[in-house]
Amino acid sequence: MPRNLNLDPVVIVILGARGDLARRKLVPALYNLFLDRYLPDTFSIIGVSRKELSDEAYRQHLREAVDEFSRRGPTKDEQWNRFAANITYLSEDLSVPPTGNTLGEKLAEVDSHWSKRANRVYYLAIAPELFEAAARHLEQLGVCRDCTRDRIVIEKPFGRDLASARSLNRLIDSLFAESQIYRIDHYLGKETVQNILAFRFANSLFEPIWNRRYIDHVQITVAETVGVESRGEYYERAGALRDMVQNHLLQILCLVAMEPPVSFAADEVRNKKVDVLRAIRPIRPEEVHSVAVRGQYRRGEMNGETVPGYREEPGVAPDSLTETFAALKLFVENWRWQGVPFYLRTGKRLHTKASEVTIMFRPAPHQMFPSAAVESWQPNRMVIRIQPEEGIVTRIQVKQPGTRVLLGPAEMQFRYREAFRTEPPEAYETLLLDVIRADATLFMRADQVESAWSVISPILEVWDSVPPTSFPDYPAGSFGPESADLLIAKSGHSWVQPVVMQEEGVMKC
Ligand code: BG6
């Protein structure tokens, strides 16, 4: 049974209190932390947004959201009432300089009621255009000046290119200390993403073979079945490269490729990740077309139903050139990875929802079996499944049962759900708790964000200047555009389609 962690009192101020992120992710996560007794005994949640609203109406608004989006399902009266007693609402326009200091007064009231200066977490759950104004607003209120107690959380997208990310970093670094800033990439809070570190560095089995000598190539796939839903307007300005590759996929790549850190301290881990990003071979503009491809979905069939194409989605231009699919081939230029391609791909409205890392091993150096015995031989491969069915599947060669020596592939699989019989926390639960505990290990530092933008900048620039001619080029419900298959086929490889984990047992032939 989880217990609270003797944490200091905390006030969580959600800026953008009525937005989608607060409703779908933040408040359900806080509620689950509360139920699991991870929140401090003394906590307060203050929702801030422009609209006038009573505390009671805000609590009701949140209850509906938690009922809909919590992994635990609908709330129960007694539990919800205990949680909701800690929630209040404040109407404030963050986009303009403050005229009074109602937030400051409210925070001072809370401190005096608890007879203690509480830690404060300011969560910027607002549109990126408002980040700058909101950060200035907070600074002007003087409510976020205690470097050890006050933290500010910023959601992605952190800038829309290297220049804007740099200028945003400069601005917030001028207002707050870097140690106060928590740049969120929710993929880093996912249980299986974190498990890549445990898997690599807590086992002596894998590290000796985790290099160019044994690994032929690596594939990172984040495939989504959803379209852009109600986020057409945002997505039109983002596209798959900015929305997914710059952050989630490159973060996964860092965990797969990084050197072992000396300790699990935040900066030790983050330094090693930045090293990976810096080691990625810069892409020259003239080679963009051969190492990166983009696509856009058109109308298609999914689960027997016709779904609209991207250009038919609300908020999307009928002649939009925004990519909903991106695939890349990258090289990490260091001793460990020299010459090993890392293929990354992500897209919306794909056939299957799956996020996974495939490590494809080289063939055994010498084949001692007669050729008839190895007709169905396949190289070893390890798939780290991030979602939806978390686990690890390793393909090995075994002798097929029978009197003849005949080899064939079999799979060993580890399924999280089966091994632990418990539901992992949502990424936002892990990350919010880390902010409350002031543990920045899973958050991005300024240099990390900028290095990630540097990796994709040449692609962004070329794609912006040379419009695609074949959009839309893949039907909803497919595995993406043909150009993605060609990208990887040029090096003699092919995409591994998402694995299907077996319900029972650990081995499947
Ligand atoms: C978000 C992107 O960061 O990640 C979305 O903005 C995407 O477009 C989402 O759908 C995917 O997250 P998850 O956790 O559902 O894989």
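Residue pairs whose Cβ atoms lie under 6 Å apart, sitting 6 or more positions apart in sequence or on different chains, and linking a residue in region 277-298 that is in a strand (DSSP E or B) and at pLDDT 95 or above to a partner that is among the hydroxyl-bearing types (Ser, Thr, Tyr) and crowded, with 23+ Cβ neighbours inside 10 Å, are 295/474; 297/310; 297/324; 297/474.
With the structure loaded, tell me whether residue 199 is of a type in the set (Phe, Trp, Tyr), touching a residue at least 12 places away in the same chain (Cβ under 8 Å) and surrounded by fewer than 15 Cβ atoms within 10 Å (Cβ to Cβ) or whether it fails that test. Reasoning before the result, please.
Working: of a type in the set (Phe, Trp, Tyr): yes; touching a residue at least 12 places away in the same chain (Cβ under 8 Å): yes; surrounded by fewer than 15 Cβ atoms within 10 Å (Cβ to Cβ): no.
No: the conditions fail for residue 199.
Selection over region 178-226 of residues that are within 16 Å of the ligand (Cβ to nearest atom), in a loop (DSSP other than H, G, I, E, B) and touching a helix residue (DSSP H, G or I) at 6+ places or on another chain (Cβ under 7 Å) gives a count of 3. For region 238-248, check the following and say yes or no: at least one residue is touching a Lys or Arg at 6+ places or on another chain (Cβ under 7 Å), within 16 Å of the ligand (Cβ to nearest atom) and charged (D, E, K, R). Checking region 238-248: at least one residue is touching a Lys or Arg at 6+ places or on another chain (Cβ under 7 Å), within 16 Å of the ligand (Cβ to nearest atom) and charged (D, E, K, R).
Would region 139-153 turn up any residue that is at negative phi, crowded, with 20+ Cβ neighbours inside 10 Å and within 16 Å of the ligand (Cβ to nearest atom)? Yes, that holds for at least one residue.
Of all the criteria given as (1) among the polar types (S, T, N, Q); (2) farther than 19 Å from residue 337 by Cα; (3) touching a Leu at 6+ places or on another chain (Cβ under 8 Å), the one not satisfied by residue 247 is (3). The set of residues in region 254-271 that are away from the ligand (no atom under 16 Å from the Cβ) and assigned to a helix (DSSP H, G or I) comprises 254, 256, 257, 266, 267, 268, 269, 270, 271.
This table checks each residue for (1) farther than 19 Å from residue 443 by Cβ; (2) of a type in the set (A, V, I, L, M, F, W, C); (3) more than 20 Å from the chain's Cα centre (by Cα).
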| site | (1), (2), (3) |
| --- | --- |
| 213 | yes, no, yes |
| 218 | yes, yes, no |
| 235 | yes, no, no |
| 240 | yes, yes, no |
| 275 | no, no, no |
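Residue 158 - would you say it is within 16 Å of the ligand (Cβ to nearest atom) and within 30 Å of residue 425 (Cβ to Cβ)? For residue 158, the condition - within 16 Å of the ligand (Cβ to nearest atom) and within 30 Å of residue 425 (Cβ to Cβ) - is met.
A residue that is part of a loop (DSSP other than H, G, I, E, B), within 16 Å of the ligand (Cβ to nearest atom), at pLDDT 95 or above and surrounded by fewer than 21 Cβ atoms within 10 Å (Cβ to Cβ) can be found somewhere in region 306-316.
With respect to residue 440, determine if the residue is small (Gly, Ala, Ser) and either within 16 Å of the ligand (Cβ to nearest atom) or farther than 21 Å from residue 158 by Cβ (or both).
For residue 440, the condition - small (Gly, Ala, Ser) and either within 16 Å of the ligand (Cβ to nearest atom) or farther than 21 Å from residue 158 by Cβ (or both) - is not met.
For residue 328, the criteria (1) buried (at least 21 other Cβ atoms within 10 Å of the Cβ); (2) within 16 Å of the ligand (Cβ to nearest atom); (3) not β-branched (Val, Ile, Thr) hold in every case but one, which is (2). Return the residues of region 331-375 that are more than 16 Å from the ligand (Cβ to nearest atom), surrounded by 13 or more Cβ atoms within 10 Å (Cβ to Cβ) and small (Gly, Ala, Ser); say none if nothing qualifies. Hits for region 331-375 are 364, 373.
Between a residue in region 135-148 that is under 12 Å from residue 179 (Cα atoms) and any residue that is in a loop (DSSP other than H, G, I, E, B) and of a type outside the set (A, V, I, L, M, F, W, C), which pairs come within a Cβ distance under 8 Å, given they are 6 or more apart or on different chains? Close Cβ pairs satisfying both conditions: 146/117.
A search for C-beta distances below 8 Å between a residue of region 429-448 that is among the basic types (Lys, Arg) and any residue that is surrounded by fewer than 18 Cβ atoms within 10 Å (Cβ to Cβ), counting only pairs 6+ apart in sequence or on different chains, returns 437/5; 437/7; 445/178; 445/267.
The values are calculated or read from the model by the stated rules, or taken from the named source; none is laboratory data. From a predicted model like this one, the values you see are computed outputs, not experimental measurements. Using ideal geometry, Cβ is built from the backbone for each residue, glycine included, and neighbour counts are taken over all protein chains shown.
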